[in-house]
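J.: Pasting a structure below so you can have a look.
The values are calculated or read from the model by the stated rules, or taken from the named source; none is laboratory data. Values in this document were obtained by computation on a predicted structure and should not be read as measured data. All Cβ positions, glycine included, derive from the backbone under ideal geometry; neighbour counts span all protein chains shown. Each accessible area value is taken on the protein alone, full model and side chains, heavy atoms only, with ligands, DNA and RNA left out. Shrake-Rupley method; radii C 1.70, N 1.55, O 1.52, S 1.80 Å.
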Amino acid sequence: SAKQEYEKNRQPGVIRSAEGLFAQITGGSYHRIIKTIDQNEVLIENDRHQRKGVLEMSRGTREQLYLAMRLGLIDEYETRSEPLPAIMDDVFVNFDDERDKHVIEILNSFSQQRQVLVLTCHQRSLDSYKDIGANLIKV
């Protein structure tokens, strides 16, 4: 029961910050990220309390988890520091269209507190960024 209590209520700040972002990215398919107490493992959980480990996830879902964790780390870091620019390179390559849309919404919100630079060579991504009013700089 102590393990269950830890996994339910005592998750690290980065995990807590990333959880809501990951739920938003996945359209609510997964609502929890769990760092297990007895193993060096991160799990995701759906609303039926079914869990998946990193190796059980699709490549896209795994990359979405890692992106949520990175953004959670930035949020957590900035609770004790000034905002720093975030630089990303083609973060949507393995995402489906629906999750692309969710990530762009998150990045748009994320950019309200800090500068976000996204590098891409994909027209679909570029068009999505333009739709939210991003400033385009061609190199």
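J.: Expressed as a whole percentage, what fraction of the accessible surface of the chain belongs to carbon and sulfur atoms when a 1.4 Å probe is rolled over the protein heavy atoms?
T.: The value for the chain is 49 percent carbon and sulfur by accessible area.
J.: At 7 Å along the Cα-to-beta-carbon direction for both Asp47 and Glu98, put a label point, then send me their distance in nm to one decimal.
T.: Roughly 1.2 nm, to one decimal.
J.: Now, a different point. Beta carbons within 10 angstrom, averaged per residue: use that to sort the peptides 121-132, 68-79, 33-44, highest first. Before the final figure, lay out the partial values.
T.: On the way: 121-132: 12.9, 68-79: 17.9, 33-44: 15.1.
Highest mean packing first, the order is 68-79, 33-44, 121-132.
J.: For segment 44-127, list log₁₀ I(q)/I(0) at each q in 0.16, 0.18 Å⁻¹, using the Debye formula over Cα point scatterers of equal strength and ignoring solvent, two decimals each.
T.: -0.72, -0.87
J.: Just want to confirm a number: the relative contact order over segment 21-139, from Cα pairs under 8 angstrom separated by 6+ residues, in percent.
T.: After rounding, I find 22 percent.
J.: Can you work out the accessible area per residue across the chain, with the rest of the protein chains kept in place, probe 1.4 Å, in square angstrom? Please list the in-between numbers first.
T.: Details: 8750 Å² over 139 residues.
For the chain, the per-residue accessible area is 63 Å².
J.: Does anyone have the angle between helix 97-110 and the longest principal axis of the chain? Alpha-carbon axes, 0 to 90°, nearest 10?
T.: 80
J.: If you build a Gaussian network model of the chain, linking Cα atoms that sit under 10 Å apart, which residue out of Glu19, Glu56, Glu105 swings the most?
T.: The residue that fluctuates most here is Glu56.
J.: Something else now. Counting only helical runs of four or more DSSP H residues, what would the 222 nm mean residue ellipticity of the chain come to if each run contributes -39,500 (n - 2.57) and the total is spread over all its residues?
T.: Result for the chain: -14500 deg cm²/dmol, rounded to the nearest 500.
J.: Give me the percent relative contact order of segment 1-81, please, defined on Cα pairs under 8 angstrom at least 6 residues apart.
T.: 32
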